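What follows is one structure encoded as structure tokens, with my remarks underneath.
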Amino acid sequence: MTTREPEDLRRTQRRGRIVIVTMIVGFLAVCAVLGIFLWQREQDEARLAELTAPGLRSVGVPELPQEIHDLTALDSNRGLVATYVDGDGAAVPELRLLNLRVGADPDLCELLGTVEPDLADGCTSSGDHLSASANGPETLLFAEGVVRDSTLVVLVAHPATYSDERLRTFVDTAELMSVRDLAASIN
């Protein structure tokens, strides 16, 4: 046996250990990535289940210059509310989109009043359309809405942001889509 053989044997053992450690680290990395992916998917499915709980067949989404920031289910499964951000990413709290589940022969103003109590007194409805305003000392809002596909689509805004005529145009031309598609477009 020459002096090189033990040295070669040690190198071979060292390489073998490096290969084994590399395989174990690679396996653990793959498991971690897969775990994160499955956890994220579970979170997304839970969020979608929460958003579809109100049972809306479709939701109306107007084409506004602002982007939808968040979509939330309302209490008692009444529907969904979407909040907006401006071009700089700042929240626009006085601008929101409501999609409310409508039953047979609904009182649209009463339905809006359960979600937006400030707008209940200044609400009028005619057929499938609704107009509301709140002109109090603390609240100044306009709301326009229309029933489409068993959903009351209401856009609420401050008069400085949008006039009632402009709100009506946006609501009347709102695109209908599934809750799943809307949620996917926000993420």
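The values are calculated or read from the model by the stated rules, or taken from the named source; none is laboratory data. Just so we're clear, the structure is a prediction, and the values are computed from it rather than from any experiment. When we count neighbours, we look across all protein chains shown, and the Cβ atoms used for this are built from the backbone with ideal geometry, even at glycine. The area values use the complete protein model at the heavy-atom level, side chains included, leaving out ligands, DNA and RNA. Shrake-Rupley method; radii C 1.70, N 1.55, O 1.52, S 1.80 Å.
Taking (1) of a type in the set (Ser, Thr, Tyr); (2) within 17 Å of the chain's Cα centre (by Cα); (3) farther than 20 Å from Leu182 by Cβ in turn, Ser76 satisfies each apart from (2).
Scanning region 1-53 for residues that are of a type in the set (Asp, Glu), free of Cβ contacts under 8 Å to residues at least 12 places away in the same chain and closer than 23 Å to Val179 by Cβ turns up Glu42, Glu45.
Applying the criterion of being over 19 Å from Val59 (Cα atoms) and open to solvent by less than 20 Å² (accessible area, probe 1.4 Å) to the residues of region 124-136, the residue that is farthest from the chain's Cα centre (by Cα) is Ala134.
Within region 104-140, the residues that satisfy the criterion of being more than 16 Å from Val154 (Cβ to Cβ) and either touching a strand residue (DSSP E or B) at 6+ places or on another chain (Cβ under 6 Å) or without any contact (Cβ under 8 Å) to a residue 12 or more places away in the chain (or both) are Ala104, Asp105, Pro137, Glu138. The set of residues from region 137-181 being more than 21 Å from Asp121 (Cα to Cα), among the β-branched types (Val, Ile, Thr) and either in contact with a helix residue (DSSP H, G or I) (Cβ under 8 Å, 6 or more places away or on another chain) or open to solvent by 30 Å² or more (accessible area, probe 1.4 Å) (or both) comprises Thr161, Thr169, Thr173, Val179. From the list Ser58, Ser76, Ser125, the one residue that fits, being touching a Cys at 6+ places or on another chain (Cβ under 6 Å) and among the hydroxyl-bearing types (Ser, Thr, Tyr), is Ser125.
Residue pairs whose Cβ atoms lie under 8 Å apart, sitting 6 or more positions apart in sequence or on different chains, and linking a residue in region 161-172 that is touching a residue at least 40 places away in the same chain (Cβ under 8 Å) to a partner that is part of a helix (DSSP H, G or I) and open to solvent by less than 50 Å² (accessible area, probe 1.4 Å), are Tyr162/Phe170. Within region 81-110, restricting attention to residues that are buried (at least 16 other Cβ atoms within 10 Å of the Cβ) and over 22 Å from Glu175 (Cβ atoms), the residue that is modelled with the highest pLDDT is Cys109. The residue that is farthest from the chain's Cα centre (by Cα), counting only those in region 91-116 that are assigned to a strand (DSSP E or B) and closer than 19 Å to Arg148 by Cα, is Arg101.
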